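The block underneath contains the structure these notes are about, expressed in structure tokens.
Any read-out appearing in this document is the output of simple, stated calculations on the displayed coordinates, not a laboratory observation. Please read these numbers as outputs of a predicted model, since none were measured by experiment. Counting neighbours? That spans all protein chains shown, and the Cβs are built from the backbone with ideal geometry, glycine included.
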Amino acid sequence: MSRFKSFDGVEIYYQAWLRKSALPPVVLQHGYVANMRVNWVVPGIVRRLNLAGRSVIALDARGHGRSGRPHDPASYGESRMAKDISCLLDELGLEEIDLVGYSMGATVALLAATQERRIRRVVAGGIGGATLHLDSRYRASGRKALANAMLASRWSIRDPTLAGFRLLADMVWADRKAMAAQALAFHSKRIPLERITVPTLILVGDSDPFASHPQKLQRAIRGAQLKVVPGDHSSVLVKPGFQNAIVEFLR
């Protein structure tokens, strides 16, 4: 069990699976409500990368899993999570990594890639064209509705998407007050994607409603590649096509 205190004192939990390799370690950042185990270990992605000879480091995002769980929205947002990644690299003395993020973690990965020079390659999974419009009023109302769903009675939630996130939160024993705080703090500013200069892969499932129009995101990042594989937002994680795409791109 490994932990460190990030830039603002929030404790971040991480785990490493090390292999001897000339290539840099792969850092994995999971999605909203999930944790490293749900997003990366159980689907077999950590094992797949290890079999390919890669060292892997996965962290629980602030508020998630075994990391610190403040309840103030001011402690959250993907920009802070991107800083957590930089603090992790400082903690471990790493000079270069490959970074893979999924869903919320993909936003974190893109933000990190705009400012962190120690990133060699980036995979952004489970997001699409909506990433270009994080500052829309529609998303602001959605953030509030999601926060409310985390705090309400599960049986009172009528929207199927909100009900799905709430069910996942209950299944993984998430701190729902922390989840509500992160929902209110979801990144709401334009990401300066033009600053990303490292090789980038946009990786989505063909039936993923959260990753529609991925071509728009691909075009916004110089030289980015796009890979569409079978699967929806949840099932794609266990698909060989998804896992192989990560391994091949990072090779």
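Per-structure values
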| quantity | calculated |
| --- | --- |
| Any hit, the range 135-143, residues being under 18 Å from the mean Cα position of the chain (by Cα), surrounded by fewer than 14 Cβ atoms within 10 Å (Cβ to Cβ) and under 30 Å from G223 (Cα atoms) | no |
| Candidate set: the range 114-134, residues that are charged (D, E, K, R) and free of Cβ contacts under 8 Å to residues at least 60 places away in the same chain; chosen: the one surrounded by the fewest Cβ atoms within 10 Å (Cβ to Cβ) | R117 |
| In the range 155-166, residue farthest from S234 (Cα to Cα) [restricted to those that are surrounded by 13 or more Cβ atoms within 10 Å (Cβ to Cβ) and either over 17 Å from the mean Cα position of the chain (by Cα) or polar (S, T, N, Q) (or both)] | I157 |
| Evaluation of V56 against (1) surrounded by fewer than 24 Cβ atoms within 10 Å (Cβ to Cβ); (2) touching a strand residue (DSSP E or B) at 6+ places or on another chain (Cβ under 7 Å); (3) of a type in the set (A, V, I, L, M) (one fails), failing number | (1) |
| Of all residues making up the range 58-74, the number that are closer than 9 Å to I12 by Cα and in a strand (DSSP E or B) | 1 |
| Residue among L111, L94 that alone is aliphatic (A, V, I, L, M), out of contact with any Gly (no Cβ under 6 Å at 6 or more places or on another chain) and crowded, with 16+ Cβ neighbours inside 10 Å | L111 |
| From A181, A113, A124, residue being closer than 20 Å to S234 by Cα and either among the hydrophobic types (A, V, I, L, M, F, W, C) or more than 16 Å from the chain's Cα centre (by Cα) (or both) | A124 |
| Members of the range 56-79 that are under 18 Å from the mean Cα position of the chain (by Cα), over 16 Å from A106 (Cβ atoms) and charged (D, E, K, R) | D60, R62, R66, R69 |
| Members of the range 75-131 that are of a type in the set (G, A, S) and assigned to a helix (DSSP H, G or I) | S75, S79, A82, S86, G105, A106, A109, A112, A113, G129, A130 |
| Residue within the range 97-104 that is closer than 29 Å to A224 by Cα, in contact with a Ser or Thr (Cβ under 6 Å, 6 or more places away or on another chain), buried (at least 21 other Cβ atoms within 10 Å of the Cβ) and in contact (Cβ under 8 Å) with a residue 60 or more places away in the chain present | no |
| Residues (part of a strand (DSSP E or B) and over 15 Å from R47 (Cα atoms)) located in the range 1-29 | S2, R3, F4, K5, E11, I12, Y13, Y14, Q29 |
